[in-house]
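Enquirer: The structure under discussion is supplied below as structure tokens; questions concerning it will follow.
The values are calculated or read from the model by the stated rules, or taken from the named source; none is laboratory data. Bear in mind the structure is a predicted one, so any value in this text is a computation, not a measurement. Cβ: placed from backbone, ideal geometry, glycine included. Neighbour counts: every protein chain shown. Areas reflect the complete protein model, heavy atoms only, side chains present, ligands, DNA and RNA absent. Shrake-Rupley method; radii C 1.70, N 1.55, O 1.52, S 1.80 Å.
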Amino acid sequence: MQMHFEYSVEGGNFSQAGLTSSQVKKTLKQLNVNGAVIKRTVVALYEAEVNIVAHAYGGTILVDIDEEKIVIELRDEGPGIEDIGKTMEIGYSTATPEVREMGFGAGMGLSNMNNNSDLLEITSEVGKGTCVKIINHFKDDNNGNK
Amino acid sequence: MKIKEIVSLTNGSLITGEENLEQLIERAFSSDLMSDVLTVRSDKLLLLTGLVNIQAIRTAEMSDICCVVFVRNKKVSEEMVNIARENRIAIIQTPYSMFKASGILYSAGIQPVY
């Protein structure tokens, strides 16, 4: 089994934030993936998707699924991140008041993403954009241990 | 506790989720911060919030929360109802404040997450 999906995300469009995560969740449910793994995956993805909407001009989400794992790549065009290490600190945020009004922007997103993925890789170029890669394995042996 | 009892204890109105009324809730989390809600791993969880927007429903969807209580009678949009319906999430609207609704449910036996 090899599945590939691509979704585009519009920066600033909060009413659409979460649509990709919702579609990925439905796909994983149809594939009968373990419920705990689905939850970890979509929580990490949703935080990352909200980040594109909140901080970037737009982006693409690439999803690849095989028998063992899901690989998600979120590529955005945006301001990029100057200090990735700092964004991992709980409480650090550059979110606008608008983002905070949506219930985000408290500086928890990246640590949430990290806690809910087997592998999280973030690369960024200031002035160009950010790429976030999330890999989760379907065999649920990492759940809660990270 | 069944969702139908939560409707009655909070003096609430069920906006959507007739089919959820018999579903059991064990724990509740009260928050307007969705990132905080997304850290919760409990099942059979109820969310009480004053944040009335699509993200509250999307957060419930991602976290497998089957019932959201919106406090202080805040108006729920049609789009929110549609997303909730699609994902079988019950929405309750209560006139009570977050403090009062949480207190009543806690006294009635709903457990906290932390």
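Enquirer: Across the range B:28-39, which residue is least open to solvent (accessible area, probe 1.4 Å) among those that are part of a loop (DSSP other than H, G, I, E, B), facing chain A (nearest Cβ under 8 Å) and not charged (D, E, K, R)? Quick ask: steps written out before the conclusion?
Expert: Going through the range B:28-39, the residues part of a loop (DSSP other than H, G, I, E, B) turn out to be B:31-33, B:38-39.
From what is left, the residues that are facing chain A (nearest Cβ under 8 Å) are B:32-33, B:38-39.
Add one more test, that the residue is not charged (D, E, K, R), and what stays is B:33, B:38-39.
On the way: B:Leu33: 49, B:Leu38: 5, B:Thr39: 42 Å².
Only one residue tops the list, namely B:Leu38.
Enquirer: What number of residues in the range B:53-70 are away from chain A (no Cβ under 14 Å) and either open to solvent by 10 Å² or more (accessible area, probe 1.4 Å) or among the β-branched types (Val, Ile, Thr) (or both)? Before you say what the answer is, go through the steps one by one.
Expert: We begin by selecting, within the range B:53-70, every residue away from chain A (no Cβ under 14 Å); these are B:67, B:69.
From the residues that got through so far, the ones that are either open to solvent by 10 Å² or more (accessible area, probe 1.4 Å) or among the β-branched types (Val, Ile, Thr) (or both) too are B:69.
Total meeting the criteria: 1.
Enquirer: Tell me, please, whether a residue that is within 22 Å of A:Ala106 (Cα to Cα) and more than 11 Å from the chain's Cα centre (by Cα) can be found in the range A:36-51.
Expert: Filtering the range A:36-51 for residues within 22 Å of A:Ala106 (Cα to Cα) gives A:39-51.
Now drop any that are not more than 11 Å from the chain's Cα centre (by Cα), which leaves A:39.
Yes, that holds for at least one residue.
Enquirer: Starting from residues that are charged (D, E, K, R) and under 16 Å from A:Asp64 (Cα atoms), keep the ones in the range A:1-41 and report whichever is surrounded by the most Cβ atoms within 10 Å (Cβ to Cβ). If you could, list the steps in order and put the result at the bottom.
Expert: At the first step, the residues of the range A:1-41 found to be charged (D, E, K, R) are A:6, A:10, A:25-26, A:29, A:39-40.
Narrowing further to those that are under 16 Å from A:Asp64 (Cα atoms): A:6, A:25-26, A:29.
Numbers: A:Glu6: 10, A:Lys25: 23, A:Lys26: 15, A:Lys29: 12.
Selected residue: A:Lys25.
Enquirer: Can you pull out every residue in the range B:71-87 that is in a loop (DSSP other than H, G, I, E, B) and either closer than 16 Å to A:Asn112 by Cβ or within 12 Å of chain A (Cβ to nearest Cβ) (or both)? Spell out how you get there, then give the answer.
Expert: Narrowing the range B:71-87 to residues in a loop (DSSP other than H, G, I, E, B): B:71-77, B:87.
Result: B:Ser77, B:Asn87.
Enquirer: List the residue pairs whose Cβ atoms are under 7 Å apart, where the first residue sits in the range B:9-27 and is surrounded by 13 or more Cβ atoms within 10 Å (Cβ to Cβ), the second is modelled with pLDDT under 95, and the two are 6 or more positions apart or on different chains.
Expert: Close Cβ pairs (under 7 Å, with a partner that is modelled with pLDDT under 95) amount to B:Arg27/B:Ser42.
Enquirer: Could you tell me whether the range B:95-111 includes any residue that is within 22 Å of A:Gly18 (Cβ to Cβ), outside any loop (DSSP other than H, G, I, E, B) and open to solvent by 50 Å² or more (accessible area, probe 1.4 Å)?
Expert: Let us first name the residues in the range B:95-111 that are within 22 Å of A:Gly18 (Cβ to Cβ), namely none.
No.
Enquirer: Being farther than 17 Å from A:Thr20 by Cα, of a type in the set (A, V, I, L, M, F, W, C) and surrounded by 16 or more Cβ atoms within 10 Å (Cβ to Cβ): is that true of A:Ala56 here? If you could, list the steps in order and put the result at the bottom.
Expert: Working: farther than 17 Å from A:Thr20 by Cα: no; of a type in the set (A, V, I, L, M, F, W, C): yes; surrounded by 16 or more Cβ atoms within 10 Å (Cβ to Cβ): yes.
Against the criterion (farther than 17 Å from A:Thr20 by Cα, of a type in the set (A, V, I, L, M, F, W, C) and surrounded by 16 or more Cβ atoms within 10 Å (Cβ to Cβ)), A:Ala56 does not qualify.
Enquirer: Which ones in the range A:74-94 are outside any strand (DSSP E or B), under 16 Å from the mean Cα position of the chain (by Cα) and surrounded by fewer than 19 Cβ atoms within 10 Å (Cβ to Cβ)?
Expert: Selection gives A:Gly80, A:Ile84, A:Met88.
Enquirer: Give me the residue from the range B:40-52 that is open to solvent by 20 Å² or more (accessible area, probe 1.4 Å) and over 24 Å from B:Glu79 (Cβ atoms) and, out of that set, nearest to the chain's Cα centre (by Cα).
Expert: B:Lys44
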